[in-house]
Amino acid sequence: MRTGRGPVVAVLAAALLTAPLASCGSGEEPDREGFTVGLLLPSRAVPRWEHADRPLIEAQVKKLCPGCRVEYANAENDVTRQREQMISMVTKGAEVLILDAADTRALRSSIQEARRAGVPVIAYDRLAEGPITGYVGFDGIQVGRLQGEALLRAMERRTGSGDADVVMMNGDPTSPNADSYRKGALSELDGEVRIARAYNTLDWSTQNAHTNMSAAVAALGPDGIDGVLAANDNIAAGVIAALKSAGVTKIPPVTGQDADLDAVRRIVTGEQYMTVYKPFVKEAAAVAEMAVAVGRGEDAGDTATTTVDSPTHKRIPAVLLQPTAVTARDIRRTLIDGGLYTTGQICTRELRAACDRAGITSGPGG
């Protein structure tokens, strides 16, 4: 299990509990009567779910509604388990569910059942199908564009031309985000590079990414890959491990997503070129605000900033936050000065020299 994020999240959660935030009501004192908010996350494979999103959402719900209770469940990448968890929460009297679906299409019927039982469902991070009440997440197309743009810049510096072979390491096809990331990346890469191989990574797992990348190296040769579009940091870890196992000494540019601490350290050492930071502190705050408002009988549109369309429903009230590309030169400004990590968390003793070279250990924020 990865370490290092826990202390930061504790600080962020405490900040959420003390920071002034807009009330879900219309200037009145918050309703002190409590209710249950169900929180359903999809897996433990991506570190942020357990280490960041869960504690941040729980803290923010408690701030907005001191009498409220959060009932939590993790699906462990099992759709059947998540269905059972949803049924259990509805049966136990949850007033509203926050759902990050393990499979956005397969959970449609469960969302319909919750709606019939009078329990609204707010989709979180992944836009679920079915009659959801609201959605909080990011523009997946933009995430992919940021990855594609960064990869092109890195390969141009590395190869000196646009004549490059890229391996696409996409996410799990059961997530609509994976398709959005792929489309966004291809909007930048198409016509600029050759997509030599493309793979889907089931469960977004490092091991599956390692297996797929090993196949790519076997097919293209250890020197036949100029860049890797890895959909997230978990996948990037498997890609880089496979390249090392194959004896590749000069790792080609590899993208990522989630600003996971291990990935940030890989960026410092030059093994991973970039990641995409999605400010999940703001995402957690936004979904908690929407859930509490809806649980009190208010309209999700009152806290939304826009609308989105799913494959089954139109004009769903939504909050869409902006992602940020992070390379070595952006770590201090975006991740340290932004409060996600401290210099000490990133720059271990082994990485101190690399951090000095990257300009990370100078200035405030350490």
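Details
- Computed magnitude of the charge dipole of the chain (debye, nearest 20; Cβ of K, R +1, Cβ of D, E -1): 640
- Between Arg81 and Thr307, the modelled labels are 3.7 nm apart [label points 7 Å from Cα along Cα→Cβ].
- Region 140-277: relative contact order as a whole-number percent, Cα under 8 Å and 6+ apart: 26
- Shown in residue order for region 141-153 are the 3J(HN,Hα) couplings computed by the Karplus curve 6.51 cos²θ - 1.76 cosθ + 1.60 at θ = phi - 60°: 4, 5, 4, x, 4, 4, 5, x, 4, 5, 5, 4, 4 Hz (x for Gly and Pro).
- Taking a Cβ cut-off of under 13 Å around Arg81, the surrounding Lys, Arg, Asp and Glu residues balance to a net charge of -2, with basic ones at +1 and acidic ones at -1.
- Burial ordering of Thr206, Thr36, fewest other beta-carbon atoms within 10 Å first: Thr36, Thr206
- Per-residue ellipticity at 222 nm from helix content only, as computed over the chain with -39500 (n - 2.57) for each DSSP H run of at least four residues, stands at -12500 deg cm²/dmol.
- Cα gyration tensor category, rounded, prolate or oblate, for region 52-96 with a/c compared to 1.5: oblate
- Across the chain, the mean sequence separation of Cα contacts (distance under 8 Å, 6 or more residues apart), normalised by length, yields a relative contact order of 16 percent.
- Cα→Cβ-extended label distance, 7 Å offset, between Arg44 and Arg333, nm: 3.8
- Excluding exposed DSSP-loop trypsin sites (Lys or Arg not before Pro) (at most 13 other C-beta within 10 Å), longest clean stretch of the chain: 93-249
- Proxy reagent accessibility, fewest Cβ within 10 Å first, across Thr334, Thr255, Thr307, Thr80: Thr80, Thr307, Thr334, Thr255
- Fluctuation leader among Pro55, Pro176, Pro311 - the chain, Gaussian network, Cα springs under 10 angstrom: Pro311
- Projecting the Cα atoms of Tyr273, Leu351, Ile141 onto the charge dipole of the chain, computed from C-beta unit charges around the Cα centre, puts Leu351 farthest toward the positive end.
- Residues with amide H under 5 Å from that of Cys68, placed H, sequence gap 5 or more: Phe35
- The charge dipole of region 215-296, taken about the Cα centre with unit charges on the Cβ atoms of Lys, Arg (+1) and Asp, Glu (-1), comes to about 100 debye, rounded to the nearest 20.
- Label separation (Ile141 vs Glu298): 3.0 nm, computed from points 7 Å beyond Cα along the C-beta direction.
- Leading residue at positive end of dipole, the chain (Cβ point charges), from Ala123, Leu40, Gly297: Leu40
- Its Cα centre serving as origin, region 156-289 has a Cβ charge dipole (Lys and Arg +1, Asp and Glu -1) of approximately 280 debye.
- Across the chain, the longest piece that holds none of the GluC sites (Glu not before Pro) lying in DSSP loops with up to 10 other C-beta atoms within 10 Å covers 34-366.
Each reported figure results from applying straightforward, stated rules to the coordinates on display, with no laboratory input. Bear in mind that the values here come from a model prediction, so they are computed numbers and not experimental data. Glycine gets a Cβ as well: all are built from the backbone with ideal geometry, and neighbour counts include every protein chain shown.
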